[in-house]
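Down below is the structure, laid out as structure tokens.
FYI, it's all coordinate maths here, none of it is from the lab. Just so it is clear, the model here is predicted, and its values are computed rather than measured. Cβ placement follows ideal geometry from the backbone for every residue including glycine, while neighbour counts extend to all protein chains displayed.
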Amino acid sequence: MNKTQRKRLEDAGWKFGTVQDLLGLSDAEAQLIEIRLALAKKLTQARQRHNVTQKALAKSIGSSQPRVAKIEAGDPSVSLDLLIKASLAAGVTRKELAKVIAG
């Protein structure tokens, strides 16, 4: 969007901002969401790289396939413990986890 388009929309009453602004998230909350989503993406990549199905991963961590799908989707109902446990079971190393968290 160029400056002219933005100005026209602002004049019409539109407001521009970030998702963080829209949802009223603190910096810490926004960073936590980014970390959770990055960890979920890393888990999915590792599982696929090792040719492991969600069902097989679920069995290895004592969970269900729908729960693994929620983990990979970054569902907020999934604990960080379970996200990390699944990542390790899928072959993500502690060093890789640290890199993801560090950004």
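In table form, for the structure just shown:
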read-out: Packing-based exposure ordering (other Cβ within 10 Å, fewest first) of 63, 77; value: 77, 63
read-out: Residues 6, 67 arranged by fewest to most Cβ contacts within 10 Å; value: 6, 67
read-out: Residue (of 86, 61, 46) at the positive-pole extreme of the stretch 36-103, dipole from beta-carbon charges; value: 46
read-out: Cα-centre dipole for the stretch 36-103 with unit charges at Cβ (Lys and Arg positive, Asp and Glu negative), debye to 20; value: 140 debye
read-out: For the chain, calculated [θ]222 nm from helices alone, where every DSSP H run of n ≥ 4 adds -39500 (n - 2.57); value: -20500 deg cm²/dmol
read-out: Pairs beyond 28 Å (Cα-Cα), from 3/99; 7/42; 70/99; 70/95; value: 3/99; 7/42
read-out: Footprinting exposure proxy for 68, 92, 52 (fewest neighbouring C-beta atoms within 10 Å first); value: 52, 92, 68
read-out: Listed candidates (i) 18.3, 56; (ii) 21.2, 73; (iii) 13.6, 38 - label of the one calculated as Rg and Dmax of the Cα atoms in Å; value: (i)
